[in-house]
């Protein structure tokens, strides 16, 4: 999975950063779709999803 470039993870019930930060182990990841997860929904509502997600990957 080290060469994975695109990952669609919508609606997977990911709710905490401990799971999300595992994506940092994918060095070639260029495109991530993460909508519909509790973690994304919470931070999108707070208007800081992109900022918070970018800090962690």
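The values are calculated or read from the model by the stated rules, or taken from the named source; none is laboratory data. Computed from a predicted model, the values in this text were never measured in an experiment. Counting neighbours? That spans all protein chains shown, and the Cβs are built from the backbone with ideal geometry, glycine included.
Observations on the structure shown:
- The residue that is surrounded by the most Cβ atoms within 10 Å (Cβ to Cβ), among those in the range 36-52 that are closer than 12 Å to residue 9 by Cβ and within 10 Å of the chain's Cα centre (by Cα), is 40.
Listed here are the residues, each with its yes/no results for (1) in contact (Cβ under 8 Å) with a residue 40 or more places away in the chain; (2) loosely packed, with under 13 Cβ neighbours inside 10 Å; (3) in contact with a helix residue (DSSP H, G or I) (Cβ under 7 Å, 6 or more places away or on another chain).
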site	(1), (2), (3)
1	no, yes, no
6	no, yes, no
9	no, no, no
13	no, yes, yes
28	no, yes, no
31	no, yes, no
54	no, yes, no
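Quick grid of which residues meet (1) at pLDDT 95 or above; (2) outside any helix (DSSP H, G or I):
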residue	(1), (2)
3	yes, yes
14	yes, yes
28	yes, yes
39	yes, no
55	no, no
